[in-house]
Structure formats: structure tokens, C-alpha cells
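A.B. asks: Quick one: structure below, then a few questions.
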Amino acid sequence: MYNPLKTHICAYMEMILQRIARKKNYTIGRLMIDGKHFCDTLEPTWRDIGWQRPGRKVKGRTAIPEGRYPVVITWSARFGQWLPLLVGVPMFEGIRIHAGNTARDTEGCILVGRNLKPGMVLDSRIWLKRVKQRIVEAKDLGEGVWIEVK
């Protein structure tokens, strides 16, 4: 007999980072959450890493590879706060979503904000707080959180 209390629906929150401007010194993207535009992103410059040429990665100055990654929130000793962390990024460790304004503020991580000036995201702390809030809400509902980088 069907019992709705015993049914478990496996749900998850889906974030999509669509890179839209790959410049010499930075990469601008659009972050979608559950199919709706949420905010803009800034990463280091994109390098065609390719799995055959891993030497193209420049430490602290290369955007992460395209792919789909689980997201968790963990304590960052470097930033002294709880921050989203992308898990299982090939050839990278410690990739976080955090506040910052220019490519100098990221070493491969994803900065969130509003892209109102070339090569920058603004209001980053506000947008980081909003992203973290959405992730925590999903986790509180028992949902997994994923980001797909395109």
C-alpha cells in the first residue's frame, strides 16, 4: 500500500555557471540557480587545459575545467568563515565560491557579484551571502547541491 510518509524523493539544487566572456586576464559568467539567473561570476582566465596537456594550468591563474561538481559548505581557515566548496575538481584543490572583485582576488575560485564594470564583479559580499543562504536552505531540506560549469 502507498504511504506518502515513507516515500523519499531525491531532490537537489542545480547551479549552472555559464561562462560568457573569456578574456585575457579573467572570465565572466552567469550563475543560474534552479533555472533562473541569480548573479554574475568572475574567475581567472580560461585556459584550454585538456587532459593531454595538464601543463597549461597556471597555479592560481587558471579557471577550473568545465564539468559538474557537488557543492558542500565547509569552514575556510583562509577566509575565516563557512564557504561553499566544489568537490572533486580535476587538478584543483580548495575551489570555493567567495567574495572578491577582480581576478587578483581569486586563485581559481569563483567570485560572485554583479558584472557592472569590465573585469569586475561588484556587491560581492551581498551576493555571497545570498548564494550561501540558498545552499543552506537546500541542505536543510535534505537536498544535494551541484554546480555545472559550462
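The values are calculated or read from the model by the stated rules, or taken from the named source; none is laboratory data. All figures in this text were calculated on a predicted structure; none of them were measured in a lab. Positions of Cβ are generated from backbone atoms using ideal geometry, with glycine treated the same way; all protein chains shown enter the neighbour counts.
A.B. asks: Quick one: in the range 121-150, which of the residues that are in contact with a helix residue (DSSP H, G or I) (Cβ under 9 Å, 6 or more places away or on another chain) and in a loop (DSSP other than H, G, I, E, B) is farthest from Met15 (Cα to Cα)?
C.D. replies: Checking each candidate, the answer is Val121.
A.B. asks: Are any residues in the range 61-75 at pLDDT 95 or above and either part of a loop (DSSP other than H, G, I, E, B) or in contact with a Gly (Cβ under 8 Å, 6 or more places away or on another chain) (or both), and if so, which ones?
C.D. replies: Tyr69, Pro70
A.B. asks: Can I ask one more? Please pick out the residue among Pro118, Pro84, Pro90 that is assigned to a loop (DSSP other than H, G, I, E, B), within 16 Å of the chain's Cα centre (by Cα) and either farther than 18 Å from Arg22 by Cβ or modelled with pLDDT under 95 (or both).
C.D. replies: Answer to the selection: Pro90.
A.B. asks: Scanning the range 93-115 for residues that are in a strand (DSSP E or B) and either at pLDDT below 95 or of a type in the set (Lys, Arg) (or both), which turns out farthest from Lys23 (Cα to Cα)?
C.D. replies: If we take residues in the range 93-115 being in a strand (DSSP E or B) and either at pLDDT below 95 or of a type in the set (Lys, Arg) (or both), then Arg96 is farthest from Lys23 (Cα to Cα).
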